[in-house]
Amino acid sequence: MVQLFSLIAAIAASVLPNTVAAVGLDEAALAKGLLYFGSATDNPELTDVPYLTQLSNIADFGQITPGNSQKWDTTEPTQGTFSFTKGDVIADLADANGQYLRCHTLLWHQQLPSWLTSGTWTNATLIAVLQNHITNVVTHYKGSCIHWDVVNEALNEDGTYRTNIFYETIGESYIPIAFAAAAAADPDVKLYYNDYNLEYGGNKAAGARAIVQLVMNAGIQIDGVGFQGHFEAGTVPGKSSLVSVLQSFTALGVEVAYTEVDVRIQLPTSATTLAQQSTDFQNLVQSCVETIGCVGFTIWDWTDKYSWVPSVFSGYGAALPWDENFVKKPAYDGLLKGMGVTSTTTATTSTSATTTSTTTTSTATAAHWSQCSGNGWTGSTVCASPWSCTYQNDWYSQCL
Ligand SMILES: *[C@@H]1O[C@H](CO)[C@@H](O)[C@H](O)[C@H]1NC(C)=O
């Protein structure tokens, strides 16, 4: 009995210094000076009550984005007839929860209504259609949105303009025309250009900077660039590369945000790929924290149950910080770590980590920074002096 109590006391003494009050993702983001940490959502999944409860947990989410219900095919399914019912459900939810709403998106080459894609347009008639659409949608949501993604995915991977109905008919000036229409309808909302694969720098990022300058040089408002952040685990650039790319945009006088982040994994997942995904999320959010002018971080839904990834990337999934049963994955702790919450260790989980290390038979020691414990770990659980095995999550402990 005495021995048992002293063991418990020793464990408690070793973990208590690491124990911090539970902090959510948005709370951590606000503490680091961001405006929000948020999630996309969509109308069909709102009938899932446990899902809705967590989406409305403002400790984690201070912002939401409608995944589909503000897109052109939903908001103007027939020319000149507008439908805001679905978008309003998400806007009202954000309002009721006290969450920011990122509005998404006014101009995109996908999810366009057939009257538009199959119509015959001249430069002048298409400009009128575009202006009428943007004026009506932005006016309807005036005062509700923190940002509007005005133009979405206008670029090819090599940085040239994507061929879409707007570019083919109007030319590149469709972009400043769209921003001007949005600014006229709501001068207070921040207007964004939004795209993917900008995070790697290179030609596509250069193309996006050229768009910022095109709009600015026309004397038209553009406030921000959205980095969508759709990745495969292990392909996320290092944190300092990410910071450099973000800064190449803020140097132009616009703010930046991560707007649609997910980090897909080839299925089935393993402890290794989940740990890699955690590191990737950590680097992404930390690059935002370290960039003055990076205002927020949005994941493209929060649970694997409603991720778009498996339907689009065959053989991939598990792209979000919560699994399909709403259980937090290592990525959740990676995000917290990237926002300066160095340990979410609780006495309970640390005790199990400590227990694991005391039952091992391995005699080799693990070096500074090495893994030393975690589900499925078969290597050494004893750290070289003076380092100690520090719990990060159920899959990963490290010699620190
Ligand atoms: C279409 O009209 C706009 C506005 O006048 C102009 O800036 C643009 O160059 C025109 N595009 C073409 C292809 O003529």
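Of all residues in the stretch 212-244, those being within 23 Å of Ile175 (Cα to Cα), open to solvent by 30 Å² or more (accessible area, probe 1.4 Å) and in a helix (DSSP H, G or I) number 4. Looking across the stretch 163-196, the residues that are within 16 Å of the ligand (Cβ to nearest atom), outside any helix (DSSP H, G or I) and open to solvent by less than 40 Å² (accessible area, probe 1.4 Å) come down to Asn164, Gly171.
The set of residues in the stretch 131-155 being within 16 Å of the ligand (Cβ to nearest atom), surrounded by 18 or more Cβ atoms within 10 Å (Cβ to Cβ) and not in a strand (DSSP E or B) consists of Ile134, Ala154. It is to be established whether one or more residues within the stretch 245-252 are open to solvent by less than 20 Å² (accessible area, probe 1.4 Å) and out of contact with any Pro (no Cβ under 9 Å at 6 or more places or on another chain). Checking the stretch 245-252: at least one residue is open to solvent by less than 20 Å² (accessible area, probe 1.4 Å) and out of contact with any Pro (no Cβ under 9 Å at 6 or more places or on another chain). Lys204 meets all of the listed conditions (1) within 27 Å of the chain's Cα centre (by Cα); (2) more than 16 Å from the ligand (Cβ to nearest atom); (3) under 12 Å from Leu106 (Cβ atoms) but one, namely (3).
Check Thr160 against each of (1) more than 27 Å from Glu199 (Cα to Cα); (2) open to solvent by 50 Å² or more (accessible area, probe 1.4 Å); (3) hydroxyl-bearing (Ser, Thr, Tyr) and name the one condition it does not meet. Going through the list (1) more than 27 Å from Glu199 (Cα to Cα); (2) open to solvent by 50 Å² or more (accessible area, probe 1.4 Å); (3) hydroxyl-bearing (Ser, Thr, Tyr), Thr160 breaks only (1). Scanning the stretch 106-121 for residues that are of a type in the set (S, T, N, Q) and in a helix (DSSP H, G or I) turns up Ser114, Thr117. Residues that are assigned to a loop (DSSP other than H, G, I, E, B), touching a Ser or Thr at 6+ places or on another chain (Cβ under 9 Å) and at positive phi do not occur anywhere in the stretch 75-89.
Just one residue in the set Ala124, Ala128 is open to solvent by 60 Å² or more (accessible area, probe 1.4 Å), of a type in the set (A, V, I, L, M, F, W, C), within 16 Å of the ligand (Cβ to nearest atom) and part of a helix (DSSP H, G or I); that residue is Ala124. State whether one or more residues within the stretch 29-52 are at pLDDT below 95, small (Gly, Ala, Ser), surrounded by 12 or more Cβ atoms within 10 Å (Cβ to Cβ) and outside any loop (DSSP other than H, G, I, E, B). Checked against the condition, which is being at pLDDT below 95, small (Gly, Ala, Ser), surrounded by 12 or more Cβ atoms within 10 Å (Cβ to Cβ) and outside any loop (DSSP other than H, G, I, E, B), the stretch 29-52 yields no hits at all. Filtering the stretch 33-54 to residues that are over 23 Å from Cys294 (Cα atoms) and out of contact with any Pro (no Cβ under 9 Å at 6 or more places or on another chain) leaves Pro44, Glu45, Leu46, Thr47, Asp48, Val49, Pro50, Tyr51, Leu52, Thr53, Gln54.
One line per residue, one yes/no per condition, for (1) in contact with a helix residue (DSSP H, G or I) (Cβ under 9 Å, 6 or more places away or on another chain); (2) farther than 29 Å from Ala22 by Cβ:
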| residue | (1), (2) |
| --- | --- |
| Pro50 | no, no |
| Ile58 | yes, no |
| Phe61 | yes, no |
| Gln79 | yes, yes |
| Ala94 | no, no |
| Cys103 | yes, yes |
| Ser118 | no, yes |
| Trp121 | yes, yes |
| Ile134 | yes, yes |
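The values are calculated or read from the model by the stated rules, or taken from the named source; none is laboratory data. Computed from a prediction, not measured in an experiment: that's the story for all the values here. Using ideal geometry, Cβ is built from the backbone for each residue, glycine included, and neighbour counts are taken over all protein chains shown. Surface areas here come from the heavy atoms of the whole protein model, side chains and all, with no ligands, DNA or RNA. Shrake-Rupley method; radii C 1.70, N 1.55, O 1.52, S 1.80 Å.
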